[in-house]
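These notes are about the structure you will find just below.
The values are calculated or read from the model by the stated rules, or taken from the named source; none is laboratory data. In this text, all values refer to a predicted model and were calculated from it rather than measured experimentally. In this analysis, Cβ positions are derived from the backbone assuming ideal geometry, glycine residues included, and neighbour counts consider all displayed protein chains.
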Amino acid sequence: MPSPDTNGSNRTLERAAAILDAVGRSAVSASELSRRTGLSLSTAHRLALQLADYGFLRRSEGGAFRLGDRFVRSALENAGVPVLNDLRDSTGETAQLWVRRGGDRVCLLSADSRHELRATLPPGSRLPLPQGSSGRLLAGDEDALAELAATGWIESVGTRTPGLGSISAPVQTDQGIVAAVCLAMPLARVNESPGKDHGDVVIQAARRIADAMERRN
């Protein structure tokens, strides 16, 4: 006979699966999730927020829920690899792709610089938000969004690791910002600033990834 704990876990999984089925490929409000699943509004909203924390759902600024990064990871990887390699080769610096996971950011892909002195973190690395340019972008803090609106990119100059800088631009689809392209480098090779040196090419790389993802959908 299943234990009470097992029954409770199964009910939670069943409810989570019902939430994901109800979202499908469209943006759905918490009240609509409640209607589609038969769950109370408070339960549907609580479960949707928990699923968003783990990347299964994404919550828009208006409060609606969409399928999250875990369901677009393969598309991100497929689109990101050639673009990051091109970005690394054109700049000589380390190009990375970061996604948000709850209160952290996770490195999904990295094309490391070929210089002996380089900034690098392996795929799978996890850092707390809002550290670094990608962390600020994915956290969406007010100052970062103002910088993004003004320039199209966000930069970090020695704030997370002394001697290193980075610039990040958003990979933005109809689901919102799904990832951040980051170019990281030693400050010894920076002329003006990471953003002023490399802003245009990082923005272009992020747009190429977004366009490739849209074509696959």
Task: Count - residues of segment 177-196 that are farther than 17 Å from residue 111 by Cα, outside any loop (DSSP other than H, G, I, E, B) and touching a residue at least 12 places away in the same chain (Cβ under 8 Å) - done: 7
Task: All positions within segment 129-151 that are under 16 Å from residue 94 (Cβ atoms) and more than 16 Å from the chain's Cα centre (by Cα) - done: none
Task: Only listed residue being among the charged types (D, E, K, R), more than 23 Å from residue 64 (Cα to Cα) and surrounded by fewer than 19 Cβ atoms within 10 Å (Cβ to Cβ), chosen from 93, 155, 142, 147 - done: 147
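Are any residues in segment 98-114 of a type outside the set (D, E, K, R) and farther than 21 Å from residue 189 by Cα, and if so, which ones?
Within segment 98-114, 98, 99, 102, 103, 106, 107, 108, 109 meet the criteria.
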Task: Residue identified as surrounded by fewer than 15 Cβ atoms within 10 Å (Cβ to Cβ) and either out of contact with any Pro (no Cβ under 7 Å at 6 or more places or on another chain) or at pLDDT below 80 (or both) among 55, 24 - done: 24
Open item on the list: Let me spell it out: the conditions are (1) surrounded by fewer than 16 Cβ atoms within 10 Å (Cβ to Cβ); (2) closer than 23 Å to residue 187 by Cα; (3) not aliphatic (A, V, I, L, M), and residue 134 meets all of them except one. Which number is the exception?
Closed with: (1)
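Out of everything in segment 74-117 that is hydroxyl-bearing (Ser, Thr, Tyr) and in contact (Cβ under 8 Å) with a residue 40 or more places away in the chain, what residue ends up being nearest to residue 51 (Cα to Cα)? Break it down into steps so the answer makes sense when it comes.
Step one: of segment 74-117, the residues hydroxyl-bearing (Ser, Thr, Tyr) are 74, 90-91, 94, 110, 113.
From what's left, in contact (Cβ under 8 Å) with a residue 40 or more places away in the chain: 90-91, 94, 113.
Working: 90: 38, 91: 37, 94: 32, 113: 35 Å.
Filtering first and then ranking leaves 94.
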Open item on the list: outside the structural domain of residue 59 (by TED's automatic domain parsing) and more than 14 Å from residue 94 (Cβ to Cβ): which single residue out of 118, 208 fits that description?
Closed with: 208
Open item on the list: Could you go through segment 152-169 and let me know if any residue there is of a type outside the set (Val, Ile, Thr), at pLDDT 95 or above, within 17 Å of the chain's Cα centre (by Cα) and at positive phi.
Closed with: yes
TODO: Filter segment 17-47 for residues that are among the basic types (Lys, Arg) and in a helix (DSSP H, G or I) and give the result.
DONE: 35, 36, 46
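How many residues are assigned to a helix (DSSP H, G or I) and among the aliphatic types (A, V, I, L, M) when one looks only at segment 53-79?
Within segment 53-79, residues that are assigned to a helix (DSSP H, G or I) and among the aliphatic types (A, V, I, L, M) number 3.
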- [ ] Mind checking which strands (runs of 3 or more DSSP E) fall wholly inside segment 80-152 and carry at least 2 residues that are touching a strand residue (DSSP E or B) at 6+ places or on another chain (Cβ under 6 Å) and charged (D, E, K, R)?
- [x] 104-111
Open item on the list: Quick check on segment 126-147: of everything there that is small (Gly, Ala, Ser) and over 16 Å from residue 178 (Cβ atoms), which residue is modelled with the lowest pLDDT?
Closed with: 144
Task: Selection within segment 35-51 - buried (at least 17 other Cβ atoms within 10 Å of the Cβ) and closer than 13 Å to residue 64 by Cβ - done: 44, 45, 48
